[in-house]
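Report on the following structure.
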Amino acid sequence: MRLDITLITIIVTGAITLYTLYVDQNLLDKLILRPFRDSKEGNYYTLATSGFVHADFTHLLFNMLTLYFFGRHVDMVLGPLGFMGLYLASILIANLVSFQKNKADENYASLGASGGTSGIVFASILFYPYSKIFFFFIPIPIPGPIYAILYLAYSYYASKNRQDGINHDAHFYGALTGLAVAILVQPLSLIAFVQYVLSAFI
């Protein structure tokens, strides 16, 4: 029986999130990325642990649904170890950027798997460029490559005009990390992606 690493990641993340939200909120605070505190105390483990806790159930549900729909596509190409390597790298790099940018901000905090899920989504688009992205509030599917461009553009813009309390840097750099790791591990996928885009959109 093949290991379903996507489902295992969802179960582990869900269990940690629900436990810290409803049982032990002191633990939640310890696992959250707080760059000012963590740089003073040397709590660099939060670069990873903050990716396994969420602000509320809706935050958890959105990230885990995204992981569920895209994770298995990446797993099929990279296998369980490759999947986890890409997922964790996306979380770590995205959080490292947030850590460096906000070390002087006593009030800044970040949590959630968005960096990891963004990396998985972009790896999936690279491997399956013909895929379509669906949203509940948009009646038509969006081609994967077009979605990727729009996602990066919006995340970059929002990170420069941060007013909504969302860590858009995590989305942006998590996506780029996932893409970079996917290309590094499967370089031929980039050639196939470019060939598809050229034939389909140009």
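The values are calculated or read from the model by the stated rules, or taken from the named source; none is laboratory data. Just so we're clear, the structure is a prediction, and the values are computed from it rather than from any experiment. Reconstructed Cβ throughout: ideal geometry from the backbone, glycine too, with neighbour counts over all protein chains shown.
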| request: Might you check whether a residue that is out of contact with any helix residue (DSSP H, G or I) (no Cβ under 9 Å at 6 or more places or on another chain), closer than 15 Å to SER98 by Cα and modelled with pLDDT of 95 or more occurs anywhere in the range 26-36? | output: yes
| request: Name the single residue, out of those in the range 147-170 being in a loop (DSSP other than H, G, I, E, B) and of a type in the set (S, T, N, Q), that is modelled with the lowest pLDDT. | output: GLN163
| request: Please list, ordered by first then second residue, the pairs with beta carbon atoms under 6 Å, 6 or more apart or interchain, first in the range 118-146 and farther than 12 Å from PHE193 by Cβ and in a strand (DSSP E or B), second among the aromatic types (Phe, Trp, Tyr) and at pLDDT below 85. | output: PRO141/PHE134
| request: Return only the number of the condition from (1) out of contact with any strand residue (DSSP E or B) (no Cβ under 7 Å at 6 or more places or on another chain); (2) of a type in the set (Phe, Trp, Tyr); (3) not in a loop (DSSP other than H, G, I, E, B) that TYR108 does not satisfy. | output: (3)
| said: Just the residues that are free of Cβ contacts under 8 Å to residues at least 24 places away in the same chain and in a helix (DSSP H, G or I), please, taken from the range 173-202. | reply: ALA180, LEU184, LEU188, ILE191, VAL194, GLN195, LEU198, SER199
